[in-house]
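The values are calculated or read from the model by the stated rules, or taken from the named source; none is laboratory data. Here the structure is a predicted model, which is why all the values come from computation and not from measurement. Ideal geometry is used to build each Cβ from the backbone, glycine not excepted, and the neighbour counts take in all protein chains shown. Keep in mind that these areas ignore ligands, DNA and RNA; they rest on the heavy atoms of the full protein, side chains included. Shrake-Rupley method; radii C 1.70, N 1.55, O 1.52, S 1.80 Å.
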Amino acid sequence: MDFRPDEMTVAFADEARAFLDEHVLPAEPVLAKQIEEGQGDWTVRPVVRALQETARERGLWNLFLPPGPHGRGGGLSNLRYAPVAELTGRSPRLAPAAMNCAAPDTGNMELLAHFGTAEQRETWLEPLLDARIRSAFCMTEPATASSDASQIGTRIHKDGKEWVVNGRKWFATGAMNPDCSLLIVMGKTDPNGPRHRQQSMLLVPRDTPGVHVLRPLTVFGYDDRDHGGHAEILFEDARVPAANLLGGEGDGFAIAQARLGPGRVHHCMRALGMAERALDLMRGRANDRVAFGGPLVRQGVVRAWAADARVEIEALRLLVLKTAWLMDTAGNRAAMKEIQAIKVAVPRAVQRILDHAIQLFGAAGLTGDHPLAEMFAAARSLRLADGPDEVHTAALGKTELALEPKEGTAR
């Protein structure tokens, strides 16, 4: 495993770094002002649209999606994209959206590219790749433990040449945005079938009669309106054509797993980017802030926080790169243990680093004057998104405690 970045990776990372320094980071206060001025407005802000045009011109567009027989991606493998994703994590509200690499659209585009029919890709993938529309992924439900897909309560049944959806979803990220035109809905088509063959995925246009967007939700008080928020949605006899089934009937669980693999690499690398920015902020604060007779950098506990942060970031970056490499070379299934490991380890570590950074900033760390509080909320929510820590830990532990290889034999 050689994780030295090749020339293509270096070129894209350098271009992304320059884009952040020259355009994205200076635009953060502009976004904050536009959000404040447009309260009640869930649309993409003008500053994001302007940055998107710049990103297109610089070739920083759709880099998350490798080229393939179905779809036109930006050309980067998981391993090559990982350093770029980390850089976008330094400005999580702006950089991913500016480069059309923001969740949940990235995962939804991957599903359409890999499982969609030619008609589905033409109707939905093409406008998503051009950022003309947005999308949402509807899996989580308020009344069930949705990390156990067998408990999902939403029902999808066939009625002639149509599928009919009934159920309630929430935390459908991006669905409050009026540009959100597509909902990818996971529901049960065969409640009595094998546990992992009960679910199917359905493409439901947001303006379908019977689709009711009930309310926006908050995360630690943040409504995340900059990217379309998180909606609770009620489906009441919502009907779509039979051709809107994504993949085959009963393929929902397998499709969801395919979606979550690359997405977890993206999430983890962006989280490490947040940690790097937090460490940058800690460095400035520790050297500039004076307390108890000297700068905070002289305090042993502050030095320990910085040292621990550097160790964790470096170690976890290597683990994520290994995961990306395995996915590229051996496939998602072969990388499952590593995917589970990074999903648990990275958000925990980043949350801890951000907590120390907030502590170093004192009361200022709790305010919107710095990005730390919002990043902390994002890191904490990541420990639930795409499955809670405990589910991944249990699955990983089960694999590690399997009887093969037998005790006393070499791996």
Requested in this report: Rounded to the nearest 10 degrees, what's the angle between the helix 105-115 long axis and the longest principal axis of the chain, both from Cα atoms, 0 to 90?
Outcome: 40
Query - Tilt relative to the chain, helix 336-361 - C-alpha long axis, 0 to 90 degrees, to 10 - result: 40
Report summary line: For the table 158/337; 188/322; 188/343; 169/343, the rows whose alpha-carbon distance is greater than 30 Å are 158/337; 188/322
Requested in this report: Would you be so kind as to identify which of 178, 245, 287 lies farthest towards the positive end of the dipole of the chain, taking Lys and Arg as +1 and Asp and Glu as -1 on Cβ and the Cα centre as origin?
Outcome: 287
Report summary line: Taking placed amide H atoms and a strict 5 Å upper bound, the residues 5 or more places from residue 138 or on another chain that come that close are 184, 185, 186
Requested in this report: Bin all alpha-carbon pair distances of the stretch 93-185 at 10 Å intervals from 0 and give each bin's fraction as a whole percent.
Outcome: 15, 41, 35, 9, 0
Query raised in the report: For the Cα atoms of the chain, what angle does the longest principal axis make with the long axis of helix 389-400, in degrees from 0 to 90, nearest 10?
Result: 80
Report summary line: With -39,500 (n - 2.57) per DSSP H segment of 4 or more residues and division by the full residue count of the chain, the 222 nm estimate, nearest 500 deg cm²/dmol, is -15000 deg cm²/dmol
Requested in this report: Convert each backbone phi in the stretch 300-307 into a coupling constant with the Karplus relation 6.51 cos²θ - 1.76 cosθ + 1.60 (shift: θ = phi - 60°), then list the ³J(HN,Hα) values in order as whole Hz, x for Gly and Pro.
Outcome: x, 5, 5, 5, 5, 4, 5, 5
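Rank these residues by their accessible area, most exposed first, probe 1.4 Å: 361, 171.
Values: 361 15, 171 75 Å².
Reading off the accessible areas and sorting them downward yields 171, 361.
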Query raised in the report: At what distance in nm do the modelled label points of residue 314 and residue 11 sit from each other, each positioned 7 Å from its Cα along Cα→Cβ?
Result: 3.0
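Taking a probe of 1.4 Å, how large is the accessible area per residue of the stretch 34-151, in Å²? If you can, show how the numbers build up before the last one.
On the way: 4460 Å² over 118 residues.
For the stretch 34-151, the per-residue accessible area is 38 Å².
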Query raised in the report: residue 227: accessible area at probe 1.4 Å, nearest 10 Å²?
Result: 50
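Ignoring ligands, DNA and RNA, please state the percent of accessible area on the chain from carbon and sulfur, probe 1.4 Å. Walk me through the numbers on the way to the answer.
Values: 10040 of 18510 Å².
The value for the chain is 54 percent carbon and sulfur by accessible area.
Mind checking the dipole of the chain: about its Cα centre, +1 per Lys or Arg Cβ, -1 per Asp or Glu Cβ, Debye to the nearest 20?
Working: 48 positive and 52 negative charges, 156 e Å.
Roughly 740 debye, rounded to the nearest 20.
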**Report entry** HN-Hα J in Hz across the stretch 174-187 - Karplus 6.51, -1.76, 1.60, θ = phi - 60°, x for Gly and Pro
**Finding:** x, 6, 6, 5, x, 7, 6, 9, 10, 10, 9, 10, 9, x
Report summary line: Kirkwood Rh for the stretch 286-402 from C-alpha pairs, in Å, is 16.2
Report task. Give me the accessible area of residue 157, 1.4 Å probe, in Å² rounded to the nearest 10. Result -> 90
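How much of the pair distance distribution for the chain lies past 39 Å, counting alpha-carbon pairs only, in percent?
Working: 15318 of 84255 pairs.
Looking at the chain, the distances longer than 39 Å represent 18 percent of pairs.
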